[in-house]
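First comes the structure, then the notes that go with it.
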Amino acid sequence: MKQFFTFIAVLGTLMVNAQPDPIGNFNKHVIEKWTHEYIRVSQYRVKGSPYLLGESFNGDIAMKTGVVTVDKKILYDIYDQKVGVDLDKKFVAPDGEVSGFFIQLSENFGGEKLNFINAANLPKVSLKGYLNVIADGSKFAFLRQYRIRLVADPADMYSKDIKLFEQYYDYYIYNRATAELNKIKLKDKDVLGALGNPNSSAKYDLYTVLGVKQLVETINK
């Protein structure tokens, strides 16, 4: 618990606003500069891409069977929550159930290496799709799921048949003791509630991904 209060004392000095936001930058690019063809989804013509950040990235895919596909171009379809290999600009699904995968973002998206697990790997979790592991430990894991919603295109707000793929995040804390996956907002009440309220009477500045990541790592020690 001493480590927890030490963390709180130094959190205010972190320069978290300097962290890049690849999703926000990509959405802005789709709105302002997208020149590719529209994709048909139901009755809509949709601008943007169902793939994470609109492209494939170098990475590995691990199967439930233990087979690992190494150093390939990986496409992560976040609209349908599927992962596969990019072969000549086409999505090719692996044969079998994926346990997890890694992708290495390019430098223009921050250069971060992202580790994903199949949500089905977590006991008692009904969520479908893949979760990006931000922080993990024996007590808690801090996870993020990349998602897509169809929204009106700001460049053509009054069109009835044109939509835009807007990519966004959902955040979760997984409690290993109770096997509960709690969806959270990056706010004090949600974060501390999911962590069991280590000190609910105090006010903490946990509104950033970096802050929650460091808190989860501290509690896991």
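The values are calculated or read from the model by the stated rules, or taken from the named source; none is laboratory data. Note that the coordinates shown come from a computational prediction; the quantities given were computed from them, not determined experimentally. Virtual Cβ from ideal backbone geometry, glycine too; neighbours counted across all protein chains shown.
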Condition broken by Asn175, with the remaining ones in (1) out of contact with any Gly (no Cβ under 9 Å at 6 or more places or on another chain); (2) farther than 25 Å from Asn27 by Cβ satisfied: (1)
Selection from the stretch 87-98 of residues that are assigned to a strand (DSSP E or B) and within 25 Å of Ile134 (Cα to Cα): Val98
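What is the residue count in the stretch 43-74 for residues that are farther than 17 Å from Glu166 by Cα, in contact (Cβ under 8 Å) with a residue 12 or more places away in the chain and assigned to a strand (DSSP E or B)?
12
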Failed item in (1) at pLDDT 95 or above; (2) closer than 24 Å to Ala155 by Cβ, with Asn58 passing the rest: (2)
Any chance Ser49 is surrounded by fewer than 17 Cβ atoms within 10 Å (Cβ to Cβ) and among the hydroxyl-bearing types (Ser, Thr, Tyr): no
Selection within the stretch 64-79 - under 17 Å from Ala120 (Cα atoms) and more than 14 Å from the chain's Cα centre (by Cα): Lys64, Thr65, Gly66
Candidate set from the stretch 129-186 (those that are under 28 Å from Thr35 (Cα atoms), surrounded by 15 or more Cβ atoms within 10 Å (Cβ to Cβ) and polar (S, T, N, Q)); member that is farthest from the chain's Cα centre (by Cα): Gln167
Answer from Phe91, Phe109 - the residue that is more than 17 Å from the chain's Cα centre (by Cα), within 20 Å of Phe165 (Cα to Cα) and of a type in the set (A, V, I, L, M, F, W, C): Phe91
Yes/no for Ile103 being in contact (Cβ under 8 Å) with a residue 60 or more places away in the chain, surrounded by 15 or more Cβ atoms within 10 Å (Cβ to Cβ) and either of a type in the set (Val, Ile, Thr) or within 25 Å of Thr208 (Cα to Cα) (or both): no
Filtered residue count, the stretch 20-41, keeping only those that are closer than 18 Å to Asp77 by Cα, part of a helix (DSSP H, G or I), in contact with a Gly (Cβ under 9 Å, 6 or more places away or on another chain) and not hydrophobic (A, V, I, L, M, F, W, C): 2
Residue ID - nearest to Gly211 (Cα to Cα), chosen from residues in the stretch 149-180 that are of a type in the set (A, V, I, L, M, F, W, C) and out of contact with any Asp or Glu (no Cβ under 7 Å at 6 or more places or on another chain): Ile173
Residues located in the stretch 66-92, provided they are modelled with pLDDT of 95 or more and within 16 Å of Asn118 (Cα to Cα): Ile74, Leu75, Tyr76, Asp77, Ile78, Tyr79, Asp80, Gln81, Lys82, Val83, Gly84
